[in-house]
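**Q** The structure follows.
Only the coordinates and a few stated rules stand behind these numbers; no lab work does. Because the structure is predicted, anything quoted here is derived from the model rather than measured. Here Cβ is always computed from backbone atoms with ideal geometry, including for glycine, and neighbour counts include all displayed protein chains.
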């Protein structure tokens, strides 16, 4: 699965927290938006994820704080992963409320 996240510079703490609490996360460096809006994905990440010229990527955002890229042919896997993570967080929240009663 290909997931890449770029956080708004004002949220560097969020990025640091995310990176240290998610074992699957890695930091690959910085990139600059070019004149035509293009962003270069660092070569190490492209190699590790086997990204090739012409690969289709889905682009999404979370408000004005994050940009996400998902390889289009991996969208089902991405949705399954996010659903599993959300369900785990929901169960954790429910458990906390049950113990407070």
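**Q** How much length is gained if the chain between residue 39 and residue 26 is pulled fully straight, taking 0.36 nm per residue apart and subtracting their Cα-Cα distance, in nm to one decimal?
**A** Details: separation 13, 0.36 × 13 = 4.68 nm, distance 1.81 nm.
Gain on extension, residue 39 to residue 26, equals 2.9 nm.
**Q** Next question, about the same structure. Suppose R0 equals 30 Å; then what is the FRET efficiency for residue 57 and residue 83 from their Cβ-Cβ distance, rounded to the nearest 0.05?
**A** 0.90
**Q** Let me ask another. Go through 60-71, 30-41, 80-91 and give me the packing order, highest mean Cβ count within 10 Å leading.
**A** Order by mean packing, descending: 60-71, 80-91, 30-41.
**Q** Given R₀ = 30 Å, FRET efficiency for residue 74-residue 97 by Cβ-Cβ distance, to 0.05?
**A** Efficiency for this residue pair is about 0.30.
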